[in-house]
Structure formats: structure tokens, C-alpha cells
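Just so you know, all these numbers are worked out from the coordinates, no wet-lab data involved. Remember, predicted model here, so these are calculated numbers, not experimental data. Methodologically, a virtual Cβ is constructed for each residue, glycine included, from the backbone with ideal geometry; neighbour enumeration extends over all protein chains shown.
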Amino acid sequence: MRIDLPWYGQLVFKTGRPIVLVAALVMSIPGEIHLAMAAGWSQGYARLMPVCVSAYAACAAIIAEVAKRKGLPGRKSAQAGAVAALVLALAAQDISHLISLNYMGVTSVLVALVSAIPPCVAAHMLHMAATPAQLSSVVEVEDTDDDELLAEDGGASSRMGKRGGRRAVDSAAVLAAAEELRASGQKITGATLGRALGTSRRTGTRYRQLLPTELLTG
């Protein structure tokens with residue numbers, strides 16, 4: 001769908017968002033460094049805390065959005081992580097400024113919680129990185145119109161068949177199975193589409209990514 005915006009609307013849409021994002025990340029840096037130093041890190045290592053908090057929150061939010069749109073496995077974990085990352089970023093700023101203005105002091109509990117941030121962030125990022133094949137499949141088909149892929153006679157199915165090393169399913173059969181699922185009130189997921197086609201959930205997920213968006217959201 002094309003939306004015609006006035007020139008100032010286009011300016012805000014194209015340049016305003018990245019400017020606001022960069023400004024917010026930059027303003028978060030001092031507080032997060034101060035909090036890390038309060039927890040016992042040297043200044044050199046403390047400078048990495050903004051990567052573990054604000055940058056992590058931005059990455060988690062993007063990964064969660066992509067996972068939600070494409071119905072990827074682990075999307076609930078990504079969404080939960082994005083919410084947790086936002087809460088973490090907010091708490092880091094609040095606590096840092098409260099300490100700076102002497103409204104609260106550094107306690108052993110605070111030191112323990114702040115010290116746990118890097119390993120927890122690393123663990124969750126590794127967990128979200130456990131689905132690279134799904135993300136790479138999205139990138140491969142993202143620049144191609146889904147309707148054209150499914151309209152090609154055997155094109156999409158033969159390509160998917162080569163990837164998975166399994167029997168290829170005709171694109172018309174994929175569409176028919178998806179429409180039948182929607183007509184019966186079932187949600188079109190990798191598992192339900194795989195069962196309808198007689199394939200695995202993983203294969204059903206790959207076929208699902210080639211379906212028109214209106215069929216999945218209609």
C-alpha cells in the first residue's frame with residue numbers, strides 16, 4: 001500500500017526516526033556507564049555497558065518485530081526479551097540518576113543485579129540467534145513478490161524442495177491448503193500447514209513464508 005505524505009511528513013519519516021533513536025541512545029550512555037562503575041567495573045569496561053543495555057534493547061525490539069511479522073519460532077521469547085530489555089534500560093537510567101543525586105546508595109543487591117546484566121544479555125542474544133536459517137529464508141524472499149513466487153509453475157516449490165531435501169509440494173497445493181485452514185478457522189502456522197501438506201513443521205514454516213500476506217492476516 002502506497003501512502004503519499006507531504007514533504008515535511010516524508011522528512012520526519014525518513015530522517016526524524018533515526019535522529020531520535022541516536023539522540024536517545026547517546027543520552028543513555030552516561031547513566032549506564034555510571035551505573036556500571038558504581039557496580040565495580042573500571043571505566044574502560046564500564047563503557048561497554050550501554051551496548052549491553054540500550055543497544056541490546058534496540059536489537060531485541062527489531063528481532064521481536066521481525067519474528068512476529070514472519071511467524072518465526074522463538075518469537076515469544078524475542079518479544080519477552082524486548083520488554084525485559086526496555087525495563088532494564090529504564091531501570092538503569094532511573095537508578096543511575098538516583099545515585100548521582102544521593103537519593104539512594106549502592107547496595108550489595110544492586111551490585112549483584114548490575115553484575116548479572118552482561119551474562120543475561122549474552123545468553124538471550126545467543127538464544128535469539130538460534131534461528132538463523134529462518135531469518136535467512138526471510139531475507140532471501142523479502143525482495144521478491146510473494147504472489148509472483150506462488151504463481152510461477154513449480155518455481156517456489158522446486159526451490160524449497162532443493163533446500164529441504166524433501167519432496168516438493170506444488171505451489172497451488174500450498175495455497176489450497178492455506179485457504180482450507182483459514183476457512184476452517186485454524187491459524188496458518190508452520191505446524192498446521194505442515195500437517196495439511198503432509199510435511200514437517202519446519203517445511204511448513206518455509207512454505208508459509210511464501211504465502212501472500214493478505215492470506216495470513218485476512
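Put in line by how crowded their Cβ is, counting other Cβ atoms within 10 Å and starting with the fewest, TYR45, TYR56, TYR103 read TYR103, TYR45, TYR56. Ranking of CYS52, CYS120, CYS59 by neighbouring Cβ atoms within 10 Å, starting from the fewest: CYS120, CYS59, CYS52.
Of the peptides 35-44, 178-187, 192-201, the ranking by mean beta-carbon count within 10 Å, highest at the top, reads 192-201, 35-44, 178-187. Label-to-label distance, ALA80 versus HIS127, with points set 7 angstrom from Cα along the beta-carbon direction: 0.6 nm.
Packing around the peptides 208-216, 111-119, taken as the average count of other Cβ atoms within 10 Å per residue, puts them in this order, highest first: 208-216, 111-119. Our estimate of slack between ASP94 and VAL66, defined as 0.36 nm per intervening residue step minus the Cα-Cα distance, is 7.1 nm.
For the pair ALA24 and ASP170, the difference between a 0.36 nm per residue extended length and the Cα-Cα distance amounts to 47.7 nm.
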